[in-house]
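Since the structure comes first, as structure tokens, the remarks are kept for the end.
The values are calculated or read from the model by the stated rules, or taken from the named source; none is laboratory data. Note that the structure is a prediction, hence the values are computed from the model and not measured. Here the Cβ positions follow ideal geometry from the backbone for every residue, glycine too, while neighbour counts run over all protein chains shown.
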Amino acid sequence: MTILGIETSCDETSAALVQHTPEQNHVTLLANIVSSSLILHKKTGGIIPEIAAREQLKYMLPTLTAVFAQGLGISSLNAKSPPIDAIAVTHGPGLIGSLLVGIETARTLSMLWEKPLIPVNHMVGHIYANFIGENSNLKPQISKIEFPAIALVVSGGHTDLLLLIGHHDLRLLGGTRDDAAGEAFDKIGRLLNLPYPGGPEIEKRAKLGKADTIRFPRPLLNSDDFDFSFSGLKSAAYREVVKHPVLTDELVNNLAASVQAAIIDVLVIKTLKAAVKYNAKSILLSGGVAANQGLKKRFELETENLKIPLFVPEKQLCTDNAGMIAASAAFTRESVSWRDLRVLPELYFT
Ligand code: KG4
Ligand code: ZN
């Protein structure tokens with residue numbers, strides 16, 4: 001089957017087409033287009049929801065047109081149904097105005113083209129980025145993802161650890177009690193006068209700095225649960241920054257490396273603890289922060305020691321994209337009528 005995916009939960013406007021057959025444990029990406037309004041958010045140092053949604057309104061139809069041209073060679077869209085079998089759309093969590101753009105587009109297309117509509121939880125979508133085989137060149141290991149699996153979803157809004165018993169059979173083990181890891185990267189990036197979003201910028205600067213310069217706190221590292229907390233790290237970084245009248249390049253590099261090391265330590269150690277406890281046969285990373293190469297390398301090292309296979313989506317599939325939304329829909333057939341689809345900005349896993 002061929003599924004159209006639509007994702008507009010935050011500042012991206014994305015549409016994708018994937019193909020899936022029931023015997024496959026992965027989907028094939030036909031096209032995955034992400035239109036970003038990031039340049040506008042760089043100016044304000046963060047996302048202003050109203051501005052994000054207005055941009056998405058402008059981008060939605062051109063993005064859809066482009067994905068059909070690229071994925072199926074259809075040059076113009078009209079009321080006649082294209083050769084797709086379902087439409088998947090993010091219904092939450094996210095910014096209400098942004099979500100509405102995707103939802104209303106998907107509802108309209110579902111009604112017009114008479115296609116089933118599959119609502120997808122954005123966070124579950126992130127996990128399913130691990131089941132995408134790019135451009136038919138299947139990464140050899142994807143078909144080997146086995147359950148039970150431990151999934152770490154680490155993005156700008158969430159830091160969650162989940163146990164996956166099977167497809168769409170999830171148990172939430174823990175999550176952040178305050179800021180998400182990506183949010184910590186973004187806020188500390190701002191303290192260091194780095195452009196938005198802070199995550200990739202801190203990663204760049206961390207490569208030039210020394211990670212042992214400052215020993216930042218590793219909150220909840222040894223707690224008995226699978227929760228996280230990153231707001232204390234942000235305050236510790238603030239206390240360090242205000243000690244210095246001038247932020248030299250060297251200082252920024254060293255602070256970036258030390259902050260990144262603290263975040264990586266907590267994410268890796270808690271995920272591995274969950275993997276051991278639940279006898280995981282696979283570990284799946286996902287979300288924007290999983291694009292961090294330092295995090296990936298540390299996970300690669302530690303999971304090799306434990307002999308648990310590690311899966312990390314391609315870098316461009318870690319951040320928000322509609323391919324992951326369509327991939328998630330491929331493993332569930334739970335469609336709803338376009339009349340019943342509602343936006344759920346506060347949606348969580350349970
Ligand atoms: O998953 P995502 O694209 O959007 C949300 O659902 O939130 O994640 C965005 C987050 C931002 O906080 C951004 O700073 C972070 O992912 N991020 C990174 C990197 N690339 C993106 N964090 C650390 N290192 C990176 N290379
Ligand atoms: Zn996301």
Against the condition among the aromatic types (Phe, Trp, Tyr), out of contact with any Pro (no Cβ under 7 Å at 6 or more places or on another chain), closer than 24 Å to residue 42 by Cβ and away from ligand 1 (no atom under 13 Å from the Cβ), how does residue 196 come out, does it pass? no
Just one of 151, 129 is within 16 Å of ligand 1 (Cβ to nearest atom), farther than 23 Å from residue 31 by Cβ and either of a type in the set (Val, Ile, Thr) or at pLDDT 95 or above (or both); which is it? 151
Would you be able to tell me the number of residues in region 37-59 that are in a loop (DSSP other than H, G, I, E, B) and in contact (Cβ under 8 Å) with a residue 24 or more places away in the chain? 4
Note down all Cβ pairs under 6 Å where the first residue falls in region 184-204 and is touching a residue at least 24 places away in the same chain (Cβ under 8 Å), the second is aromatic (Phe, Trp, Tyr), and they're at least six residues apart or on different chains. 184/230; 191/238; 199/185; 202/185
Taking strands (runs of 3 or more DSSP E) that do not extend beyond region 60-170, which have at least 3 residues that are touching a helix residue (DSSP H, G or I) at 6+ places or on another chain (Cβ under 8 Å), of a type outside the set (A, V, I, L, M) and within 16 Å of ligand 2 (Cβ to nearest atom)? 86-92
Here are the criteria: (1) touching a His at 6+ places or on another chain (Cβ under 8 Å); (2) surrounded by 22 or more Cβ atoms within 10 Å (Cβ to Cβ); (3) not aromatic (Phe, Trp, Tyr). Tell me which single one residue 92 does not satisfy. (2)
I need every pair where a residue in region 147-161 that is of a type in the set (D, E, K, R) has its Cβ under 6 Å from the Cβ of a residue that is more than 10 Å from ligand 2 (Cβ to nearest atom) and at pLDDT 95 or above, sequence separation at least 6 or different chains. 160/175
Take the residues of region 179-225 that are closer than 19 Å to residue 161 by Cβ, of a type in the set (Gly, Ala, Ser) and not in a helix (DSSP H, G or I): which is modelled with the lowest pLDDT? 223
